[in-house]
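One structure is given here, and the rest of the page talks about it.
The values are calculated or read from the model by the stated rules, or taken from the named source; none is laboratory data. Predicted model, so just to flag it, every value in this text is computed and none were measured. Please note: Cβ atoms are built from the backbone with ideal geometry, for glycine as well, and neighbour counts cover all protein chains shown.
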Amino acid sequence: MPAHEHADVPPPFDAEAVAALVGGTPAGVAVLDDELRYLYVNAALERLNGVPAAAHLGKTPAEVLPEADVRMGVLRQVLADGRAREVTASGRTWSDLAPERRYWRAAYHRMGGDGRARVLVAITLEISAVQNQEDELERARRYLALLDNAAGSIGTTLDVMTTCQELADFVVPALADVAAVEIFHVDKRLSVLRPAPGRLRLLRAGMAAIPELRDSIDQFGGAGSEIEYQEDSAVPRCLAAGSPVIENLFGDEQLSRAAPTPERVAAYRAVGLHSAVAVPLTTRGSPLGVLSLLRAGDSPPFSEGQDIVIARALAGRAAVDVDHARRYAREHGVARELQRSLLSEPRLPDRGIEIATRYLPAGQGALVGGDWFDAIPLGDGRHLKVIGDVMGHGVEAAVAMNHYRSLLRLLAEDGLPPHRVLERLDGAVERSGLDRGATCLLAVVDRRAGTCEVASAGHLPPVFIDPGPSGARVAHLQAGPPLGTGFGGYRSTTVPCQAGTVLFMYTDGLVERRGEDIDVSVERLTRLTLPASGRLEDLLDQAVDRFGAMAEDDIAIVASRAREH
């Protein structure tokens, strides 16, 4: 009798009857004794397991299939209580036809009991194809969700390094155990600086790893490090081809191409890295850098499938964000340099006048504003102080600010009262076609008469800080419309300003707070006092420390006084 049909056992097991009943069924059928050792295996199960029927007999399922989850605990429960059960199991069998992981559905029934010998009947159907389809569908759903979430997680700021780190963090552990984002160095015009032939050098802008590998990968260089690659490694080949390059690092030959030194080969091996893919970061046909994904340990190797599709999609999306961040950095830098060059220290009208100025940008994340200040001598002991703020941000605001300042210097030469200067400046701006309005505060100080004549075009009022215990006072004046509207209607107000009194002028970034009435904000400046040193620079430090910490806009301040004789 064939081995796959039966072995000698006491009743109630009838091998011939079982063989006649299930021998030809496509479902795998086995009979096990009360110690869960095979008594019978039909031909279908023999094919499924990839093991001859005779090799099953006398062994348990766990012994025959050591790489499969055969749920031995469930089999014991069925033998113990006689209640049939169904389970889904998976693992690898010895079949040459399907070396990958397989799935099957098995039903277990007890026969015998109540004094008779007990046996277990197992009926198994392979469901690998169905399960694999479900797994592929689930992976597709997961990857679609990943792409959907990428927009909210990558490119949240206009900072290149932050964007690259967000990309690295996002793909770990969803796509890789380790991720690195590296970019080309660029010049001030945002042109990629091409490396010399031979080794490729990139700036590592982002690095991430699963928790158990974080300490190990520190030795390979973190964010901010310069990384060199050999000419035949995956990263240079990826950039040359403009498409992903997969490299399975199963042998030392493959590892030596990825690692520059034998010591690095050993380090990769110690970490357990075994598969890598390099994906170019490209926008508008130009390479910006590379996203490198690595897998280690038990993670499956990369293949030409959904892993690469999703990696390319994420790299393409991140490349646009990196390009935007680089271009923003360029515009921000140009505007900042332009503003710094234009905000040179104002000329001292004469030796009897002290002036201190301060300009503080709102921060790296904010576009440069159009704040400006100036001091213009008028003769006869008089001089004009100016502070203004062009609406908007960026290079255009800085250019407009220079236009306003140049016009004002020209118009102030006639020595007119400040409200007349504002009227002429408003008309000149309207005629010039300049499309950016501005607020402006003019103060003509007559140190001989001890007065200050002030006029405002939509700007916040100045503060006067008298020497002695009297403290600071906000000037009450009527503000006209901002410049560039063509409405005019400006008025000058004369305020006492004796020698030693400080004229304190500022832009709204110093005091304006979201959700707060501007009058309340300005009133805080009445707490200003002259520092013990008496220095105007120390006064500006005090003002910035006390009122500028929560600034959301650029801050410009001018403090001046006539020296006491």
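Kindly establish whether ALA68 is in the same structural domain as GLY112 (by TED's automatic domain parsing) and either within 17 Å of GLY112 (Cβ to Cβ) or surrounded by fewer than 13 Cβ atoms within 10 Å (Cβ to Cβ) (or both).
No: the conditions fail for ALA68.
Quick one: is THR529 part of a loop (DSSP other than H, G, I, E, B) and under 21 Å from TRP372 (Cα atoms)?
Taking the combined requirement at face value, the residue does not satisfy it.
Okay, residues lined up against (1) more than 44 Å from the chain's Cα centre (by Cα); (2) part of a loop (DSSP other than H, G, I, E, B):
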{"residue": "GLU453", "(1), (2)": "yes, no"}
{"residue": "SER456", "(1), (2)": "no, no"}
{"residue": "ARG473", "(1), (2)": "yes, no"}
{"residue": "ARG491", "(1), (2)": "yes, yes"}
{"residue": "MET505", "(1), (2)": "no, no"}
{"residue": "VAL520", "(1), (2)": "no, no"}
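Determine, yes or no, whether GLY515 is assigned by TED's automatic domain parsing to the domain that holds TYR359, loosely packed, with under 14 Cβ neighbours inside 10 Å, in a loop (DSSP other than H, G, I, E, B) and in contact (Cβ under 8 Å) with a residue 40 or more places away in the chain.
Spelling it out, it is not the case that GLY515 is assigned by TED's automatic domain parsing to the domain that holds TYR359, loosely packed, with under 14 Cβ neighbours inside 10 Å, in a loop (DSSP other than H, G, I, E, B) and in contact (Cβ under 8 Å) with a residue 40 or more places away in the chain.
Against the definition (under 19 Å from VAL386 (Cα atoms), basic (Lys, Arg) and either in a loop (DSSP other than H, G, I, E, B) or touching a Lys or Arg at 6+ places or on another chain (Cβ under 9 Å) (or both)), how does ARG436 come out, yes or no?
yes
In this structure, is ALA117 more than 27 Å from the chain's Cα centre (by Cα), among the aliphatic types (A, V, I, L, M) and modelled with pLDDT under 80?
Yes: the conditions hold for ALA117.
Quick check on the stretch 313-326. Is at least one of its residues modelled with pLDDT under 85 and of a type in the set (Asp, Glu)?
no
For the stretch 398-422, which positions are more than 48 Å from the chain's Cα centre (by Cα) and modelled with pLDDT of 90 or more?
If the condition is that a residue be more than 48 Å from the chain's Cα centre (by Cα) and modelled with pLDDT of 90 or more, then PRO417, PRO418, HIS419, ARG420, VAL421 are the ones that fit.
Hey, among the residues in the stretch 146-164 that are among the aliphatic types (A, V, I, L, M) and modelled with pLDDT of 85 or more, which one's farthest from ARG204 (Cα to Cα)?
So the residue we want is ILE154.
Taking the stretch 458-488, which residues are touching a Pro at 6+ places or on another chain (Cβ under 6 Å) and without any contact (Cβ under 8 Å) to a residue 24 or more places away in the chain?
Correct list: ALA475, LEU477.
Yes/no per residue for (1) in contact with a helix residue (DSSP H, G or I) (Cβ under 8 Å, 6 or more places away or on another chain); (2) of a type in the set (A, V, I, L, M, F, W, C); (3) in the same structural domain as VAL558 (by TED's automatic domain parsing):
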site	(1), (2), (3)
PRO461	yes, no, yes
ILE465	yes, yes, yes
GLY471	yes, no, yes
HIS476	no, no, yes
GLY480	yes, no, yes
LEU483	yes, yes, yes
PHE487	yes, yes, yes
ARG491	yes, no, yes
CYS497	no, yes, yes
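Taking GLY73 as meeting all but one of (1) at pLDDT 90 or above; (2) part of a helix (DSSP H, G or I); (3) in contact with a strand residue (DSSP E or B) (Cβ under 8 Å, 6 or more places away or on another chain), write down the number of the exception.
Exception for GLY73: condition (3).
In contact (Cβ under 8 Å) with a residue 24 or more places away in the chain and in a strand (DSSP E or B) - does that describe any residue in the stretch 406-419?
no
For the subset of the stretch 32-59 comprising residues that are farther than 19 Å from ARG110 by Cβ and aliphatic (A, V, I, L, M), which member is surrounded by the most Cβ atoms within 10 Å (Cβ to Cβ)?
Taking the candidates together, the pick is LEU48.
With respect to ALA457, is the statement that it is in contact with an Asp or Glu (Cβ under 8 Å, 6 or more places away or on another chain) and either closer than 29 Å to ALA562 by Cβ or crowded, with 21+ Cβ neighbours inside 10 Å (or both) true?
yes
Going through the stretch 420-455 one residue at a time, which ones are among the β-branched types (Val, Ile, Thr), closer than 13 Å to ARG382 by Cβ and touching a residue at least 40 places away in the same chain (Cβ under 8 Å)?
VAL444, VAL445, THR451
Name the residue that is modelled with the lowest pLDDT, counting only residues in the stretch 215-266 that are in contact with a Ser or Thr (Cβ under 7 Å, 6 or more places away or on another chain) and not in a helix (DSSP H, G or I).
LEU249
For the stretch 287-312, which positions are hydroxyl-bearing (Ser, Thr, Tyr), at pLDDT 85 or above and more than 20 Å from the chain's Cα centre (by Cα)?
Scanning the stretch 287-312 gives a single hit, SER299.
Can you name every residue in the stretch 286-323 that is of a type in the set (A, V, I, L, M, F, W, C) and assigned to a helix (DSSP H, G or I)?
Correct list: ILE308, VAL309, ILE310, ALA311, ALA313, LEU314, ALA315, ALA318, ALA319, VAL320, VAL322.
Which of the residues spanning the stretch 365-386 are modelled with pLDDT under 85 and of a type in the set (Asp, Glu)?
ASP380
Filter the stretch 77-95 for residues that are among the basic types (Lys, Arg) and loosely packed, with under 14 Cβ neighbours inside 10 Å and give the result.
ARG83
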